[in-house]
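Below is one structure, written out as structure tokens; comments come after it.
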Amino acid sequence: MTTGSTTTSSTTTGSTSALPERAQVMVIGAGIVGNSVVHHLAQLGWRDLLLLDKGPLPDPGGSTGHASNFIFPVDHSKEITALTVDSMRQYEKLNTLTTCGGIEVARVPERLQELDRRMSSAAAWDIEAELISPAQVQDRVPFLDPTVILGGFWTPSVAVVDPLRTGTLMRELAVGQGALRVSANTEVLGIDVEHGRVRRVRTDRGDVEVEAVVLACGVWSPALAGMAGATIPLTPAVHQMIDVGPIAELERTRQEIAFPIVRDMDPLMYERQSGADLEIGSYAHRPILHDPADIPSVAEAALSPTQLPFTPDDFDPQMERALELFGPVLDRPDAGVRHAINGLLSLTPDGAPLLGETVEVRGLWSAAAVWIKEGPGAGRAVAEWMTDGAPEIDTHHVDIARFHPHERTRAHVRARASEGFNKTYGIVHPREQWNSDRPARLSPFHTREEALGARFFEVGGWERPQWYESNRDLVATYGVSARPHEWDARWSSEIVEAEHRVMRDHVAMIDLTAFAEFDVTGPGALGFLQHLCVAQMDRPIGRVMYTPLLAPNGGFRADLTVVRLGEHHFRVVTGGADGPRDHQWFATHLPSDGSVVLQDVTSQVCTLGLWGPRARDVLAAVTGDDVSDAAFGFGTARRISIGSVPVLAMRLSYVGELGWELHAPFEMGQRLWDALADAGGPHGLRPVGIGVYGTTGRIEKGYRLVGHELDQEHDPVEAGLALPRCKEADFVGRIAYMEARACEPAARLCTLIVDDHAAADGTLRYPQGGEPVLTRSGERVVDRRGRVSRVTSAGPGPSLGRYLLMAFLPTPVAVEGAALAVQYMGERYPVTVARVGRTPLFDPDDTRMRG
């Protein structure tokens with residue numbers, strides 16, 4: 001195994017002099033991530049940095065020092081792949097990367113299908129990869145038994161890196177720039193917060209006044225965040241590793257690694273050369289979680305604090321699986337276990353890193369739950385975020401602010417980490433649902449929904465119907481067919497398309513209680529929202545305003561609705577998945593003079609969407625208020641009564657139909673449901689699931705979704721969301737927005753139709769999203785900024801009778817009628833550009849929802 005530098009300069013051993021009285025930024029944790037943060041902050045011009053670690057350097061005892069240091073670049077996640085590829089470039093630049101190639105092998109047919117899917121991701125990210133036969137796997141790894149496997153996914157660029165040496169070089173570069181001081185063997189005793197902002201770090205060698213702190217201390221991060229009253233939702237967890245040797249075939253190479261790394265995916269293991277040994281790692285054993293407080297100190301640990309005593313009973317079944325594949329070299333009397341540990345790593349509730357400013361404390365940043373393969377990229381992203389307000393790589397899915405309060409609790413973190421551990425090498429469907437710590441949040445309609453056979457999906461802890469089994473009769477009514485391939489049909493139902501049709505023909509109601517809702521009040525409320533929103537907020541009371549919120553670089557930070565309820569009172573409504581991130585964005589921009597109050601009212605409000613050509617008939621039957629078009633125009637909000645239920649009704653639509661969002665007191669929700677259900681019977685009303693709202697209705701109208709179409713790497717002009725005029729009031733991202741408006745966009749968001757679904761074997765296949773867009777001859781489509789074209793959303797358009805995709809295409813390619821292709825599960829399917837820009841394919845003039 002690599003051991004890193006053995007030099008003894010102050011940048012490796014740490015200074016023994018007194019700490020400075022102040023530092024602009026203190027980074028706590030000198031593993032690969034902390035070293036990367038200080039390096040990139042120095043590169044960006046910061047000059048008063050302090051790096052602390054309680055352990056010695058170059059190896060202070062964290063996961064960086066023991067984790068298996070290989071990098072497989074292909075991931076289905078765009079963000080993780082981008083962070084990984086950026087990290088590989090940085091390791092290579094510092095000459096600490098050794099390319100050896102890697103193979104992910106399949107033992108079962110389901111895994112072969114997953115390898116086809118990985119080929120699509122490799123094509124999307126322009127990473128060279130190839131599906132190879134068992135014999136070709138053995139050609140590359142001669143001591144592997146090819147009869148055990150069905151095939152492999154070969155990635156030539158897989159590499160091993162030296163993260164300790166990399167960290168040393170990064171520290172030395174920052175010190176050489178006069179930007180960094182380093183203090184090893186320094187224990188943090190407390191973090192002081194004043195007026196909601198970090199102000200001071202107390203250590204066993206003195207106190208330091210600070211403007212910002214970055215917690216890059218891995219498994220210890222939750223404990224240090226707790227000192228400041230903040231949360232970093234991760235748990236230390238065991239990943240077992242053993243080294244078996246000596247093995248003559250490996251020893252003869254006289255290299256640290258001369259053969260490709262093998263990921264034995266189905267038993268959830270990997271095997272790789274480590275000098276004369278074969279290292280075997282497992283993600284198949286029981287989840288073994290620890291608390292940060294229980295991790296031994298450097299003095300107490302036999303090896304290091306994150307290398308705990310091995311528990312062989314947990315590993316024995318995996319050793320049997322390793323013997324199946326590598327029996328020729330493992331099943332020998334002269335080969336024994338020479339090193340075995342329960343190594344600690346960080347697990348989060350969704351398996352993704354935790355980057356960004358903490359929710360509770362300003363100036364306290366997280367750079368945690370980052371693996372070696374993403375370390376330098378994550379460090380650069382955090383440094384750019386701190387400097388410019390947004391990193392170059394979109395961080396939507398790794399933002400620490402993504403979790404709701406209950407999702408930051410110890411109980412939830414441990415439950416989801418336990419469930420997720422064995423998914424590390426698992427086959428995870430893009431729609432797959434979590435099972436643990438459910439149900440957490442129930443709408444007041446839940447009992448009614450259960451009685452109708454709702455199939456619940458979770459968002460933000462809310463149990464939200466995706467479809468209703470009670471609507472299965474509609475499948476025959478509308479002649480909807482199920483998708484023939486199990487993977488395409490998994491976590492889905494043909495009922496969704498039938499529910500869509502009944503909404504278009506009659507009327508439907510949809511549970512939208514998962515919306516996150518915030519009240520913005522006070523004399524400064526208007527100015528505050530003007531500063532954050534692209535759209536004009538100075539509108540009459542009762543006006544509903546759709547608006548993007550931008551990052552300083554002009555990319556999307558949020559996409560939401562604001563309704564003006566009073567002169568100094570606004571209601572913000574945003575998606576349940578994005579509520580925490582959006583709330584933090586508003587909170588961090590609140591003026592310090594107290595002129596604006598931000599209140600999360602999500603748990604006080606329940607919401608039903610009522611849409612369809614008969615929606616007005618239903619609403620008129622339950623209210624005495626005038627809901628005619630003349631009295632209640634599109635894009636307005638009014639307070640009405642439905643029986644004795646006070647309701648804030650907003651006339652808008654995310655599905656392209658006449659109707660309203662009906663927001664009511666939470667405790668009166670069941671009464672609201674019953675009133676609408678009873679009145680809607682004669683009009684053909686059906687409760688329908690969020691599959692109609694979030695997929696079929698949305699995609700027919702070409703509506704954009706944050707985290708899919710809308711991210712920090714694309715601007716409103718490219719997304720087709722630039723307003724006809726730009727308001728005079730300044731707002732975050734305005735300069736970049738105006739620059740984008742003045743230039744031809746590099747890409748434009750388009751809607752595509754799939755021309756032919758037939759696979760080579762005749763089975764009809766349906767892309768799920770994330771697939772690369774190619775030319776008909778198979779070349780990648782890339783815009784002038786180097787961004788690849790990929791499917792951002794995919795789903796049926798039942799009213800159009802076509803399967804629809806959305807994707808950003810380079811402006812020269814974004815031509816209606818252009819013939820392209822998408823690669824899905826190893827095959828290419830022809831597609832055609834049906835629409836460029838935001839004009840929808842269904843009801844392009846919006847006459848239905850404005851009627």
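The values are calculated or read from the model by the stated rules, or taken from the named source; none is laboratory data. None of the values given here were measured: they were computed from a predicted structure. A quick note on method: Cβ atoms are made from the backbone with ideal geometry, for glycine too, and the neighbour counts reach across all protein chains shown. The accessibility values were calculated without ligands, DNA or RNA, using every heavy atom of the protein model including side chains. Shrake-Rupley method; radii C 1.70, N 1.55, O 1.52, S 1.80 Å.
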Packing-based ranking, highest mean first, of 504-516, 363-375, 189-201, 37-49 given that Cβ atoms within 10 Å are counted: 363-375, 504-516, 37-49, 189-201
Gyration tensor (alpha-carbon) shape descriptor, the range 333-405, a/c threshold 1.5: prolate
Taking the solvent-accessible surface of protein heavy atoms with a 1.4 Å probe, what is the per residue accessible area of the range 670-786 in Å²? 41
Size-normalised alpha-carbon gyration radius of the range 477-561, reference 2.2 N^0.38 Å: 1.68
Helix axis angle, 579-588 relative to the chain longest principal axis, alpha carbon, degrees: 80
Taking the convex hull of the Cα atoms, report for the chain its projected area averaged over all directions, in nm². 34.9
Checking rank on 206-215, 136-145, 159-168, with mean other Cβ inside 10 Å and highest first, the result is 159-168, 206-215, 136-145
With every protein chain kept in place and a 1.4 Å probe, the range 62-124 has an accessible area per residue in Å² of 32
Per the Cα gyration tensor, the range 406-480 corresponds to an equivalent ellipsoid with semi-axes, largest first in Å, of 29, 18, 7
Radius, Kirkwood style, for the range 267-405 when every pair of distinct Cα atoms is counted (Å): 18.1
Rounded to the nearest 10 Å², the accessible area of Asp334 using a 1.4 Å probe with every protein chain kept is 100
Per residue, how big is the convex hull of the range 624-730 when only Cα atoms are used? Give it in Å³. 177
What do you get for the angle between helix 495-505 and the principal long axis of the chain? Use alpha-carbon atoms, 0 to 90 degrees, nearest ten. 30
Stretch Asp674-His406 to full length: gain in nm at 0.36 nm per residue minus the Cα-Cα span? 93.5 nm
Solvent-accessible surface (1.4 angstrom probe) belonging to Ile80, in square angstrom, nearest 10: 20
Rounded to a whole number, what % of the accessible area of the chain do carbon and sulfur atoms account for, probe 1.4 Å? 50
Would you work out if the range 98-144 is rounded, prolate or oblate? Take a ≥ b ≥ c from the square roots of the eigenvalues of the alpha-carbon gyration tensor; rounded if a/c is under 1.5, else prolate when a/b is larger than b/c, oblate otherwise. oblate
The range 162-280, Rg to Rh (Cα coordinates; Rh as Kirkwood inverse mean 1/r): 1.13
The range 455-557 accessible area per residue, 1.4 Å probe, protein heavy atoms, integer Å², reads 33
Classify the range 733-851 as rounded, prolate or oblate from the Cα gyration tensor: take a ≥ b ≥ c as the square roots of its eigenvalues, call it rounded if a/c is under 1.5, otherwise prolate when a/b beats b/c and oblate if not. oblate
Given Lys54/Lys373; Lys373/Lys727; Lys54/Lys93; Lys373/Lys701, which pairs have Cα atoms separated by over 32 Å? Lys373/Lys727; Lys373/Lys701
So what is the diffusion coefficient of the range 685-756 in µm² per second by Stokes-Einstein at 4 °C and 1.567 mPa s, using a Kirkwood Rh over Cα pairs? 89
Packing rank of 104-111, 394-401, where each peptide gets the mean count of other beta carbons within 10 Å, highest leading: 394-401, 104-111
Can you pull the percent of Cα pairs in the range 60-175 with separation above 26 Å? 29
Normalised per residue, the volume of the convex hull around the Cα set of the range 440-599 (Å³): 160
Along each principal axis, Cα extent of the range 709-793, largest first, Å: 58, 21, 19
Please give the helix 410-421 orientation as an angle from the longest Cα principal axis of the chain, in degrees from 0 to 90, rounded to the nearest 10. 70
Size of the range 127-229 as Cα extents on the principal axes (Å, biggest first): 63, 34, 25
